[in-house]
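Where a number appears in this text, it was derived from the coordinates with a stated rule and is not lab data. Computed from a predicted model, the values in this text were never measured in an experiment. Here Cβ is always computed from backbone atoms with ideal geometry, including for glycine, and neighbour counts include all displayed protein chains.
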Amino acid sequence: MAFDGCAMRKIIHCDCDCFYAAVEVRDDPSLASLPIAVGGNRERRGVVATCNYRAREFGVRSAMPTGQALKLCPDLVVLPTAMAKYREAALAIRSIFLRYTDRVEPLSLDEAFLDVSDSELHRGSATLLASEIRQVIEAEVGVTASAGIAPNKFLAKIASDINKPNGQFVITPDRVDEFIKTLPVTRIFGVGEVTKKKLQRIGIETCADLQRLELTELARDFGSFGARLHALCRGIDEREVNANSRRKSLSVERTFSSDLADCAACMRRIPELLSELQVRLQRIDDDYWVTKQFIKIKFNDFSSTTLERSLGRELSLQSYQELLLEAWQRGARPVRLIGLGVRFIDNRDGQTGAQMALFPP
Ligand code: DCP
Ligand code: MG
């Protein structure tokens, strides 16, 4: 199939299986046959970060309150998160990826895209390469990973879920059309509830349905996202694997063991969160320039709001307090969680424009 002269890529999306839980089981094999979750405990109103596949059989899921998880699965073993261990495992995995290509784009601790188009190993078979990488991860790090192999990032990411856990799935270029046709539009990144409903109203559920809409119609109804939808529902995604992508924000947040009754109670928690944020900021390198600050509030009805603004001169307590006041008024009810954060520009590539001088390092 001709691809408009654009080079055909071979992309692997690799994603570890129940990552935090897998690290815990690795370190204590007696847990292997039990349903386990990693996360905050029930008494402190924590949530599940992840759980192993045994626990998933009971309906336990990431981001579920631990109390609810224990109702679904009373024998669930809940372990506290041990980030240092997971980070160490993630680094070991990343260094394995880098043995195969330097075009590695991490998406989170346990997940990355690899562009292996130029690899000559296994006579250029990305499928065999993915399988080797997964074996090496298991042998050296002691956790399993799943992989998707496809001509682009969009399809590779979908493919890595198909034979999870400890499996892989390949979508060769000649099978893209067939694969994409039955794919529900909700699998397209960016299609949330609103877009889904909008599409459902005109009878569109799958990518094949979506392909019937003209580019002009999509652009009219969905703006710039329309063009992207037009390409993605045909399995086309030209995004490169970006080995330099770096974090764009940093935040700290806290879920309180009992709700904060009013705005004043929230205000009292800001100093400790700010000093925690400042400690975290000190650990990142000088190439990041802070451009914005934001606050996130989750109210006791689980609604949440985020408010941000450009950074004036410096990260001050007062500016976060002002943001808090405005954000709190949007819900004006007891608060469950507060997060403080900053957004960055990555100055490492020397792309500083004159306006950047406005922002202090
Ligand atoms: N994580 C978290 N909170 C969430 C989701 C995930 O803290 N709401 C953490 C715990 C996960 C890790 O990130 O172990 C990786 O997230 P994944 O979405 O890849 O989930 P898992 O690796 O746990 O499971 P899967 O096998 O479905 O990939
Ligand atoms: Mg994972």
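Here are some notes:
- In sequence order, the stretch 83-99 has phi-based couplings of 4, 4, 5, 5, 5, 5, 5, 5, 5, 4, 5, 4, 5, 5, 3, 5, 5 Hz under the Karplus curve 6.51 cos²θ - 1.76 cosθ + 1.60, θ = phi - 60°, and Gly or Pro positions carry x.
- The residue list Thr255, Val241, Leu281 was ranked by how far each Cα lies along the charge dipole of the chain toward its positive end, using unit charges on Cβ atoms, and Thr255 comes out on top.
- Per-peptide average of other Cβ atoms within 10 Å, ordering 201-212, 122-133 highest first: 122-133, 201-212
- Helix 263-282 vs. the chain, principal-axis angle (Cα, 0 to 90°, nearest 10): 50
- At 0.890 mPa s and 25 °C, Stokes diffusion of the chain via Kirkwood alpha-carbon radius, µm² per second: 106
- 5 angstrom amide H check on Gln168, placed H, neighbours 5+ away: Ala147
- Magnitude of the charge dipole, the chain, Cβ model with Lys/Arg +1 and Asp/Glu -1, debye to 20: 960
- Helix 126-141 and the longest principal axis of the C-alpha atoms of the chain enclose an angle of approximately 40°.
- Proximal lysines relative to Lys248, as straight alpha-carbon distance under 18 Å, when same-chain residues fewer than 8 apart are discounted: Lys292, Lys296
- Global form of the stretch 1-172, assessed from the alpha-carbon gyration tensor, a/c cut-off 1.5: prolate
- Cα gyration tensor shape of the stretch 249-349, rounded if a/c is under 1.5, else prolate or oblate by comparing a/b with b/c: prolate
- When you filter the GluC sites (Glu not before Pro) in the stretch 21-117 for DSSP loop state and at most 14 other Cβ atoms inside 10 Å of their Cβ, you are left with Glu57.
- Proximal aspartates and glutamates to Lys181, defined as alpha-carbon separation beneath 13 angstrom and excluding residues fewer than eight positions away on the same chain: Glu205, Asp209
- Under the combined filter of DSSP loop state and at most 14 neighbouring Cβ atoms within 10 Å, the stretch 110-201 retains these chymotrypsin sites (Phe, Trp or Tyr not before Pro): Phe189.
- Per-residue HN-Hα couplings for the stretch 237-242 [Karplus 6.51, -1.76, 1.60; θ = phi - 60°; Hz; x = Gly/Pro]: 8, 8, 4, 7, 6, 9
- A cut-off of 5 Å between modelled amide H atoms, ignoring neighbours fewer than 5 places along the same chain, links Val47 with Gly40, Thr66.
- Shape call, the stretch 182-232: gyration tensor on alpha carbons, a/c limit 1.5: rounded
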